[in-house]
1. Among the listed residues Thr197, Thr169, Thr139, identify the single one that is in contact (Cβ under 8 Å) with a residue 24 or more places away in the chain and of a type in the set (Ser, Thr, Tyr).
2. Could you say whether any residue in the stretch 124-143 is part of a strand (DSSP E or B) and in the same structural domain as Asn48 (by TED's automatic domain parsing)?
3. Step by step: first the residues of the stretch 12-32, then only those that are more than 17 Å from Lys188 (Cα to Cα) and touching a strand residue (DSSP E or B) at 6+ places or on another chain (Cβ under 8 Å), then the one that is modelled with the lowest pLDDT. Which residue is that?
4. Cβ contacts < 6 Å: first residue without any contact (Cβ under 8 Å) to a residue 24 or more places away in the chain, restricted to the stretch 200-221; second residue among the aromatic types (Phe, Trp, Tyr) and not in a helix (DSSP H, G or I), any location; separation 6+ or different chain. Result?
5. When only residues in the stretch 195-230 that are of a type in the set (A, V, I, L, M, F, W, C), within 16 Å of the chain's Cα centre (by Cα) and buried (at least 19 other Cβ atoms within 10 Å of the Cβ) count, which is modelled with the lowest pLDDT?
6. Considering only residues that are closer than 23 Å to Ser58 by Cβ and of a type in the set (A, V, I, L, M), which ones fall in the stretch 182-227?
7. Hey, could you check the stretch 176-194 for residues that are of a type in the set (Phe, Trp, Tyr) and buried (at least 21 other Cβ atoms within 10 Å of the Cβ) and say which is nearest to Met134 (Cα to Cα)?
Amino acid sequence: MNIGKKAIFITVLCSLLSGVCMAAISFYSDPVSPELMRLYPVPSDFRNYFFLQSVDDSTSIVVGDFTGRERVIIHILDKNSDNTIDRITEYYPESGKYKTPKKSVSSFVNTDIAQMKKDIIQGEIFKRNYSYKMTSLDTLKRQLDRGLDIFDYEYGHSVKFYDPDRTSTIMGDFFFGKKNKGYDLQFKTNYYKLFRTKIIPPLQYSVYCRNSKDPVVVKTVESLIKMLPE
């Protein structure tokens, strides 16, 4: 390969890698689409993951089900945030195929979508399944009860959860607030510990809601605001 061709190859490779990195950043805020589903991670340890996204008037749940016979990534769309399943899309990473069934193949998908949203926010879904253990509502409420590491930020509140063994290191980040008629709620797990092993989940956000109108999100944020220390 001559110098000119090598330079072009490197440029194209860097562009591709940059595109993948940008896509990774947009997992949480961009609308879930068939194209984006192709980029969601498939963990080598077969752990499952669950992600709630609610932006403006639309709510989505992403389920990574990797413990069955065939690994599948599922997108559940609640188009108007009215606790109704409008569409289910399943992507099978091994074959590259998509399906749009009326009922999901995964036992993790609950037809009571309001309960499923609550289970992700409260962390129950992570406790019941072979999944990454995400920092969830119980930890946030504990921090609010203690009045610890709460910071006002613009129209909302940022709350940090520090590693008890390394007090300068943040294990989890929370944000909640409301502006006009929209509600924000975000849970990020930087890492958690399994015995002494530090585990970084492939999807660090379990909840990403921005300007949400979803009733489950609205109720959660309103309850958190009431818990803020005076």
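The values are calculated or read from the model by the stated rules, or taken from the named source; none is laboratory data. All values reported here derive from a predicted model rather than from experimental measurement. All Cβ positions, even for glycine, are placed from backbone atoms using ideal geometry, and neighbour counts span all protein chains on display.
1. On the way: Thr197 fails: in contact (Cβ under 8 Å) with a residue 24 or more places away in the chain; Thr169 fails: in contact (Cβ under 8 Å) with a residue 24 or more places away in the chain.
Answer to the check: Thr139.
2. Pass one, the stretch 124-143, residues part of a strand (DSSP E or B): 131.
Then drop every residue that is not in the same structural domain as Asn48 (by TED's automatic domain parsing), which leaves 131.
There is at least one residue in the stretch 124-143 that is part of a strand (DSSP E or B) and in the same structural domain as Asn48 (by TED's automatic domain parsing).
3. The initial filter retains those residues of the stretch 12-32 that are more than 17 Å from Lys188 (Cα to Cα), namely 12-23, 31-32.
Now drop any that are not touching a strand residue (DSSP E or B) at 6+ places or on another chain (Cβ under 8 Å), which leaves 31-32.
Details: Pro31: 91, Val32: 95.
This residue is Pro31.
4. Short answer, once both residue conditions are applied: Ile200/Tyr191.
5. The qualifying residue modelled with the lowest pLDDT is Leu203.
6. Within the stretch 182-227, Leu185, Leu203, Val207, Val216, Val217, Val218, Val221, Leu224 meet the criteria.
7. Within the stretch 176-194, the first condition is being of a type in the set (Phe, Trp, Tyr), and the residues that meet it are 176, 183, 187, 191-192.
Within this subset, residues satisfying the condition of being buried (at least 21 other Cβ atoms within 10 Å of the Cβ) are 176, 183, 187.
On the way: Phe176: 17, Tyr183: 21, Phe187: 8 Å.
Result: Phe187.
Each row is one residue, and each column tells you yes or no for (1) in contact with a strand residue (DSSP E or B) (Cβ under 6 Å, 6 or more places away or on another chain); (2) closer than 23 Å to Ile199 by Cα; (3) surrounded by fewer than 20 Cβ atoms within 10 Å (Cβ to Cβ).
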| position | (1), (2), (3) |
| --- | --- |
| Ser44 | no, yes, yes |
| Asp56 | yes, no, yes |
| Asp78 | yes, no, no |
| Tyr98 | yes, no, yes |
| Ser107 | no, no, yes |
| Asp112 | no, no, yes |
| Ile125 | yes, yes, no |
